[in-house]
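Each remark here refers to the structure printed beneath this line.
The values are calculated or read from the model by the stated rules, or taken from the named source; none is laboratory data. Keep in mind that what you see is a predicted model, and the values were worked out from it rather than measured. All Cβ positions, even for glycine, are placed from backbone atoms using ideal geometry, and neighbour counts span all protein chains on display. In case anyone asks, the SASA skips ligands and DNA or RNA and just uses the protein heavy atoms, side chains included. Shrake-Rupley method; radii C 1.70, N 1.55, O 1.52, S 1.80 Å.
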Amino acid sequence: MVVSKMNKDAQMRAAINQKLMETGERERLRELLRAKLIECGWKDQLKAHCKEIIKEKGLEHVTVGDLVAEITPKGRALVPDSVKKELLQRIRTFLAQHASL
C-alpha cells in the first residue's frame, strides 16, 4: 500500500514536471527564483559562506563536493519564506490552470 502511494506520487510529480517543461513554465519559475534570490541577498550570503569555509579549511583542502555538501543545507535554510510562498503560489496557479493532470 505504501509503495503504491509512493509510486503514484512519483508519477504525479513526473507528470507535473513534464507539463511545466512543455509549457516553458519551469524555466519561468527558475528565472523568477533566481531573480528573487539575488534581490534578497541570498546569493551574496552563500558566496560569503563559501569563502568562510575555504578560508577555514584552506583552498587545497576543499573539494567542490565538500563545498556543495556543506553549503546545501545552509542555502536551503536561507531561502526567505516569502520567496518559497510566492513560488508555491505560482505552482498552485499553474496546476489550477492545467487541472487535467
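General observations
- Angle in degrees between helix 42-57 and the longest Cα principal axis of the chain, rounded to the nearest 10: 40 degrees
- Cβ-derived FRET efficiency at R0 22 Å, residue 81 paired with residue 43, nearest 0.05: 0.80
- Rounded to the nearest 20 debye, the dipole size of the chain about its Cα centre is 340 debye, using +1 on the Cβ of Lys and Arg and -1 on the Cβ of Asp and Glu.
- Accessible carbon and sulfur surface of the chain relative to its total accessible area, %, 1.4 Å: 58 percent
- Per residue accessible area in Å² of the chain, where ligands, DNA and RNA are left out and the probe is 1.4 Å: 77 Å²
- Heavy-atom SASA rank of 23, 63 (probe 1.4 Å, accessible area, largest first): 63, 23
- Computed extension gain for residue 29 through residue 60, at 0.36 nm per residue and net of the alpha carbon distance, reaches 7.5 nm.
- Ranking 93, 64, 29 by Cα position along the charge dipole of the chain, where only Lys, Arg, Asp and Glu carry charges on their C-beta atoms, puts 93 farthest toward the positive end.
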